[in-house]
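Every number here is computed from the coordinates shown, using simple stated rules; none is lab data. Owing to the predicted nature of the structure, the values given are computational and were not obtained by experimental measurement. Don't worry about glycine lacking a Cβ; one is built from the backbone with ideal geometry, like all the others, and counts go over all protein chains shown.
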């Protein structure tokens, strides 16, 4: 039972703290109960404010938002009196074993949440580090399920995974991450496995060679479809296969999420070192000042993003079901891309251009 001068537990934010009840407001009698000279007294607040003494006014001070309900003026144990406040029934609990157990559970949950937050921050930092350039590079990894690149499996697909213990090929940080590579603590997140068709894996390997070995960069704006155009076409095509409004909504949400991911991850994760200067030069051109990268970059850069989705999803708080929905939709997008490969990837002569030795020197810091 809550009484003036008694102990209680009070919510401050998500946590419960030990507190002492200093006053109780009764909305029915319009009075405040308080301890004076060792005894509990009830002070009426029915008079007009002008008629109340300053001491009586000080006893009141109930916020308008709480004036219509029973509420309590509490002092948090060990806190300065400046934290004393009026709180409603939704924020106060009796001081008993059951609620003390709740207080303890909330503390444990907060510690666990903080621990997970720190782990997520580490994973995000690892993702960013994997996308940063270095002086040397190795072929991008597109197989992370224990199979080698030369043996994609019976189904013709390779897999990328956003969980620990699944990588089989080492990747340098010279260019963008092109498969799930972030090391995660075992069991810290649901395993996310994405099957990449072998034809698309080959495109990623070719793309790596064109840029890192042949010193070519993609033509920007894309001479084929841009990322925006590709996703619009895919959404229109996939929409014809769906019947329910819920599925249509999921498709639109998926494509919208990819656009957002692409815009934010392009400069951090999707560019090889040689391409960063090209990106910076694009930003400086007045005609592209207000143009989203979605309208400039093309299919191969989107493919780079799709190949690292397991890593990106592993750094979020999405539940397993949501992750699997994204995986299924991405694998469907892979199928659509394979079907339209001739149109989307029409050869390095059309898509890639040579860079000058001067450009290479500036871009690579030589």
Item to check | For region 290-366, projected area of the alpha-carbon convex hull averaged over all directions, nm² | outcome: 8.1
Checklist entry - Going by the alpha-carbon gyration tensor, a ≥ b ≥ c the square roots of its eigenvalues, is region 191-278 rounded (a/c under 1.5) or, if a/c is not under 1.5, prolate (a/b greater than b/c) versus oblate? => result prolate
Checklist outcome for this item: In whole angstrom, the spacing between the Cα centers of region 314-330 and region 229-275 equals 14
Next on the checklist: For a quick check: sort 319, 84 by the number of other beta carbons within 10 angstrom, fewest at the front.
Outcome noted: 319, 84
Checklist entry - How do the peptides 3-12, 351-360 rank, highest first, by the average count of neighbouring beta carbon atoms within 10 Å per residue? => result 3-12, 351-360
